[in-house]
Amino acid sequence: VQLQASGGGLVQAGGSLRLSCVASGNLFNRIAMAWYRQAPGKQRELVAGITSGGMPTYADSAKGRFSISRDNAKNTVDLQMSSLKPEDTAVYYCRWVVADNIYWGQGTQVTVSS
(Lines give C-alpha, C1' and ligand atoms only; values in the text may rest on other atoms or scores of the structure.)
Protein backbone atom coordinates (compact mmCIF):
# COMPACT_ATOMS: atom_id res chain seq x y z
CA VAL A 1 0.00 0.00 0.00
CA GLN A 2 1.27 3.45 -0.93
CA LEU A 3 -0.13 6.77 0.22
CA GLN A 4 0.34 10.08 -1.54
CA ALA A 5 -0.60 13.24 0.32
CA SER A 6 -1.07 16.63 -1.27
CA GLY A 7 -2.66 20.01 -0.74
CA GLY A 8 -0.39 21.64 1.80
CA GLY A 9 0.90 25.16 1.45
CA LEU A 10 1.18 28.61 2.93
CA VAL A 11 -2.01 30.35 4.02
CA GLN A 12 -2.87 33.33 6.16
CA ALA A 13 -4.61 32.93 9.48
CA GLY A 14 -8.32 32.50 8.95
CA GLY A 15 -7.83 30.88 5.58
CA SER A 16 -8.60 27.39 4.34
CA LEU A 17 -6.78 24.45 2.84
CA ARG A 18 -7.86 21.04 1.65
CA LEU A 19 -5.52 18.10 2.05
CA SER A 20 -5.97 14.95 0.04
CA CYS A 21 -4.48 11.49 0.45
CA VAL A 22 -4.81 8.90 -2.28
CA ALA A 23 -4.01 5.27 -1.62
CA SER A 24 -2.94 2.56 -4.02
CA GLY A 25 -2.23 -1.12 -3.70
CA ASN A 26 -4.13 -3.86 -1.93
CA LEU A 27 -6.73 -1.96 0.05
CA PHE A 28 -8.95 -4.90 0.77
CA ASN A 29 -10.12 -4.78 4.38
CA ARG A 30 -9.36 -1.12 4.96
CA ILE A 31 -10.40 -0.29 8.47
CA ALA A 32 -9.72 3.37 9.16
CA MET A 33 -8.00 6.41 7.79
CA ALA A 34 -6.69 9.44 9.59
CA TRP A 35 -4.73 12.64 9.41
CA TYR A 36 -1.97 13.34 11.92
CA ARG A 37 0.31 16.32 12.24
CA GLN A 38 3.69 17.04 13.71
CA ALA A 39 4.93 20.50 14.54
CA PRO A 40 8.63 21.21 15.11
CA GLY A 41 9.74 19.94 18.48
CA LYS A 42 6.41 18.26 19.18
CA GLN A 43 5.09 14.75 19.00
CA ARG A 44 2.92 13.60 16.16
CA GLU A 45 -0.73 13.97 17.08
CA LEU A 46 -4.05 12.84 15.70
CA VAL A 47 -6.05 15.54 13.96
CA ALA A 48 -9.00 13.60 12.60
CA GLY A 49 -9.91 10.05 11.73
CA ILE A 50 -12.64 8.26 9.85
CA THR A 51 -13.65 4.63 9.57
CA SER A 52 -14.29 2.91 6.27
CA GLY A 53 -17.96 3.17 7.17
CA GLY A 54 -17.69 6.95 7.44
CA MET A 55 -17.68 7.54 11.21
CA PRO A 56 -15.47 10.57 11.91
CA THR A 57 -13.58 11.57 15.02
CA TYR A 58 -11.74 14.81 15.72
CA ALA A 59 -9.16 16.15 18.09
CA ASP A 60 -10.49 18.95 20.24
CA SER A 61 -8.29 21.40 18.35
CA ALA A 62 -9.96 20.41 15.07
CA LYS A 63 -13.58 20.30 16.11
CA GLY A 64 -15.72 22.87 14.34
CA ARG A 65 -12.93 23.87 11.96
CA PHE A 66 -11.82 20.72 10.16
CA SER A 67 -13.82 18.11 8.32
CA ILE A 68 -12.58 14.69 7.25
CA SER A 69 -14.16 12.73 4.44
CA ARG A 70 -13.41 9.63 2.45
CA ASP A 71 -14.29 8.22 -0.93
CA ASN A 72 -13.94 4.47 -0.90
CA ALA A 73 -14.40 4.21 -4.66
CA LYS A 74 -11.56 6.67 -5.32
CA ASN A 75 -9.42 5.46 -2.41
CA THR A 76 -9.05 8.95 -1.04
CA VAL A 77 -9.36 10.64 2.30
CA ASP A 78 -9.53 14.42 2.48
CA LEU A 79 -9.17 16.94 5.25
CA GLN A 80 -10.91 20.26 4.77
CA MET A 81 -9.37 22.82 7.10
CA SER A 82 -10.97 26.19 7.75
CA SER A 83 -10.33 29.07 10.12
CA LEU A 84 -6.70 28.10 10.21
CA LYS A 85 -4.50 29.36 13.01
CA PRO A 86 -0.73 29.76 13.25
CA GLU A 87 -0.71 26.88 15.72
CA ASP A 88 -2.00 24.60 12.96
CA THR A 89 1.40 24.91 11.29
CA ALA A 90 2.86 21.43 10.98
CA VAL A 91 3.64 18.61 8.62
CA TYR A 92 0.43 16.69 8.04
CA TYR A 93 0.50 12.94 7.49
CA CYS A 94 -2.21 10.59 6.36
CA ARG A 95 -2.41 7.17 7.88
CA TRP A 96 -4.36 4.13 6.75
CA VAL A 97 -5.06 0.97 8.68
CA VAL A 98 -5.52 -1.93 6.28
CA ALA A 99 -6.07 -5.35 7.85
CA ASP A 100 -3.35 -5.62 10.53
CA ASN A 101 -1.04 -3.08 8.94
CA ILE A 102 -0.51 0.66 9.34
CA TYR A 103 0.69 2.79 6.45
CA TRP A 104 1.84 6.40 6.46
CA GLY A 105 2.02 8.96 3.69
CA GLN A 106 5.05 11.15 3.14
CA GLY A 107 3.66 14.27 4.77
CA THR A 108 2.65 17.64 3.42
CA GLN A 109 3.65 20.96 4.98
CA VAL A 110 0.98 23.37 6.16
CA THR A 111 2.16 26.81 7.21
CA VAL A 112 -0.26 29.36 8.62
CA SER A 113 1.02 32.92 8.86
CA SER A 114 -0.32 35.41 11.37
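With a cut-off of 14 Å between beta carbons, the residues surrounding T111 carry a summed charge of 0, where Lys and Arg count +1 and Asp and Glu -1.
Per residue, the accessible area of region 1-108 comes to 52 Å² when a 1.4 Å probe rolls over the protein heavy atoms.
Just the protein heavy atoms count here, and of the accessible area of region 1-98 at 1.4 Å, carbon and sulfur take up 49 percent. For the chain, relative contact order (Cα pairs under 8 Å, six or more residues apart, normalised by length) works out to 37 percent. Estimate the FRET efficiency between I31 and Q80 by the formula 1/(1 + (r/R0)^6), using the beta-carbon distance for r and 25 Å for R0, to the nearest 0.05. For R0 = 25 Å, the calculated efficiency reads 0.65. Computed over the chain with a Gaussian network model linking Cα atoms closer than 10 Å, the most mobile of S67, S24, S82 is S24.
Here the 3J(HN,Hα) profile of region 38-51, calculated from phi with Karplus coefficients 6.51, -1.76 and 1.60 at θ = phi - 60°, is 9, 8, x, x, 10, 6, 5, 9, 6, 9, 7, x, 8, 7 Hz, Gly and Pro shown as x.
The candidates M55, M33, arranged from most to least accessible area with a 1.4 Å probe in the full protein assembly, appear as M55, M33. Under 5 Å between amide hydrogens, built in the peptide plane, is the criterion, and for G9 it picks out V110, T111 among residues at least 5 positions away or on other chains. If you run the Gaussian network model on the chain, springs between alpha carbon atoms under 10 Å, then out of A99, A32, A48 the most flexible one is A99. Under 5 Å between amide hydrogens, built in the peptide plane, is the criterion, and for L84 it picks out G14, G15 among residues at least 5 positions away or on other chains.
The values are calculated or read from the model by the stated rules, or taken from the named source; none is laboratory data. These figures come from a predicted structure and were not determined experimentally. Every residue, glycine among them, receives a Cβ derived from its backbone with ideal geometry; neighbour counts consider all protein chains shown. Side chains included, ligands, DNA and RNA excluded: accessible areas come from the protein's heavy atoms. Shrake-Rupley method; radii C 1.70, N 1.55, O 1.52, S 1.80 Å.
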